[in-house]
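The structure appears below as structure tokens.
The values are calculated or read from the model by the stated rules, or taken from the named source; none is laboratory data. Note that the structure is predicted; figures quoted are calculated from it, not measured. Cβ placement follows ideal geometry from the backbone for every residue including glycine, while neighbour counts extend to all protein chains displayed.
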Amino acid sequence: MNEQTPIALTEVDSMTRGLPAWTYFNQELTELEYQRVILPSWQFVCHVNQLKQPGDFATLDLMRDSVLVTRGKDGEIRAFMNVCRHRGSKLLDGAGSCKGRIRCPYHGWSYSLDGRLAAVPSEQTFPGMKKAEFGLKPVEMEVILGLVFVRLVPGGPSLAEMFKDFIEMARPYRLEEMEPVDQPWIETWNCNWKVAVDNNLENYHVPVGHPGYHRMLDNDLLGEINSHGVAVSESVLKDRPSPVWTERLYQKMAPQFLTDLPEKNRRTWLFFSMVPNIGIDIYPDSMDVFQILPKSAETCVMRYPVFCRPDDRREAKVLRYLNARINRQVGYEDQELSERVQSGLRSNGYQPGPLSDYEHAIVDFHDRLRAACPVVTLTQAPAHGSLSAVNAAMLTDTGSGDAAAA
Ligand code: FES
Ligand SMILES: [Fe+2]
């Protein structure tokens, strides 16, 4: 099944194509992408306002790793691998506050908030152990606009550098002041993580796939992308009222009531994306960070926390309610569209079609994948069990053995 003609599509015509279908349902490739693309990239954990007091913490669960960030007694925010140095228990779950120390729920080893191993029950039963050697493993961390990101394999450009071209666009929305709205949405989609990323990287599908956005917004289908794979597009509320009441009310109320924002920003929705798997959606009333994490070859986890500037006015609450209704619908639409693609990619005879100029950010994403995992340029999957070795040999051939995606 799923046999494909073993020819490079670029030999057929000069149009830009997406990745071969097999790359969207191959478990060995998903493992490789996790190591070579996800781990060396910035991943969102939480907002700094979730870490106001010493001991406040938040965690991020990735495919097989977990990271914790916490504020120390000295006021510093630090990130660590969320795994005990004794027998490997996960230390913390979700977000919250730990009093003074991080205590392992298994045998009670406890770590100070700066990561040092502070206490070991029955310490005398570990003759020769030097506690200084068993602190939590630190993880690279950076905060941008109040958003806390980690990078498990360090190195590469900083977030400040990656967002440099676009950061001024986001400033009027005062992301640093925001607070979380409820718990993050976390759900599983039945598609490869790259299907959901591809979908998030283009607005070409908006007029057909998201009728609500089309009714209420003028959407920039092209957007801009910089050399670091950070892209942005702007959607502006239409003057013409939508026939749907939720959309019409949002169109009317946002410019009228969000007077703490400059006039232009009361009407402008900003959609950022950052390779390989992050979306930052900024609305006049709130924002969300959209994170697409591989789970298995044909499933991914969508992590979707929402934040807003503190505003208890009734109108602000109504706007957030309307936004949530509108964007949950868009989320369902994206899920359905992505899952339909996943099922179609398995069709016999499917070969990747041409990509539009509107899909240029997908091309950039795929180019980065090809650099990190050149095995994805093959039109057929390598024999079972050989993908990692084939990829390593291809990296050696191209002299880019240490290439990272981002
Ligand atoms: S695994 Fe953490 S104390 Fe034993
Ligand atoms: Fe979409």
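Within the stretch 289-305, is even one residue free of Cβ contacts under 8 Å to residues at least 24 places away in the same chain, out of contact with any Asp or Glu (no Cβ under 8 Å at 6 or more places or on another chain) and crowded, with 19+ Cβ neighbours inside 10 Å?
No, every residue in the stretch 289-305 fails to be free of Cβ contacts under 8 Å to residues at least 24 places away in the same chain, out of contact with any Asp or Glu (no Cβ under 8 Å at 6 or more places or on another chain) and crowded, with 19+ Cβ neighbours inside 10 Å.
If you go through the stretch 338-373, how many residues are of a type in the set (S, T, N, Q) and surrounded by fewer than 14 Cβ atoms within 10 Å (Cβ to Cβ)?
Residues that pass the stated criteria total 3.
Could you list, in sequence order, all residues of the stretch 200-229 that are of a type in the set (A, V, I, L, M), more than 11 Å from ligand 2 (Cβ to nearest atom) and under 19 Å from the mean Cα position of the chain (by Cα)? First the steps, then the outcome.
Applying the first criterion (of a type in the set (A, V, I, L, M)) to the stretch 200-229 yields 201, 206, 208, 216-217, 221-222, 225.
Still in the running and more than 11 Å from ligand 2 (Cβ to nearest atom): 216-217, 221-222, 225.
Selection gives 225 alone.
Within the stretch 200-224, work out how many residues are part of a loop (DSSP other than H, G, I, E, B) and either within 16 Å of ligand 1 (Cβ to nearest atom) or of a type in the set (A, V, I, L, M) (or both).
Number of matching residues: 3.
Anything in the stretch 97-116 that is among the polar types (S, T, N, Q) and either surrounded by fewer than 16 Cβ atoms within 10 Å (Cβ to Cβ) or within 14 Å of ligand 1 (Cβ to nearest atom) (or both)? List them, or say none.
97, 110 - these are the residues of the stretch 97-116 that are among the polar types (S, T, N, Q) and either surrounded by fewer than 16 Cβ atoms within 10 Å (Cβ to Cβ) or within 14 Å of ligand 1 (Cβ to nearest atom) (or both).
Conditions tested, residue by residue: (1) among the basic types (Lys, Arg); (2) modelled with pLDDT of 95 or more.
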{"site": "64", "(1), (2)": "yes, no"}
{"site": "68", "(1), (2)": "no, yes"}
{"site": "123", "(1), (2)": "no, yes"}
{"site": "131", "(1), (2)": "yes, yes"}
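Just the residues that are of a type outside the set (A, V, I, L, M, F, W, C), outside any helix (DSSP H, G or I) and away from ligand 2 (no atom under 16 Å from the Cβ), please, taken from the stretch 297-334.
The answer is 298, 299, 303, 305, 309, 310, 311, 312, 313.
Scan the stretch 122-131 for residues that are exposed (fewer than 11 other Cβ atoms within 10 Å of the Cβ), within 16 Å of ligand 1 (Cβ to nearest atom) and part of a loop (DSSP other than H, G, I, E, B) and report the count.
Looking only at the stretch 122-131, we keep the residues that are exposed (fewer than 11 other Cβ atoms within 10 Å of the Cβ), and these are 122, 124-125, 127-128, 130.
Keeping just the survivors that are within 16 Å of ligand 1 (Cβ to nearest atom) gives 122, 124-125.
If we keep only those that are part of a loop (DSSP other than H, G, I, E, B) too, we end up with 122.
Counting residues in the stretch 122-131 that are exposed (fewer than 11 other Cβ atoms within 10 Å of the Cβ), within 16 Å of ligand 1 (Cβ to nearest atom) and part of a loop (DSSP other than H, G, I, E, B) gives 1.
State whether the residues of the stretch 236-253 include one that is closer than 17 Å to residue 358 by Cα, buried (at least 21 other Cβ atoms within 10 Å of the Cβ) and not polar (S, T, N, Q).
No, every residue in the stretch 236-253 fails to be closer than 17 Å to residue 358 by Cα, buried (at least 21 other Cβ atoms within 10 Å of the Cβ) and not polar (S, T, N, Q).
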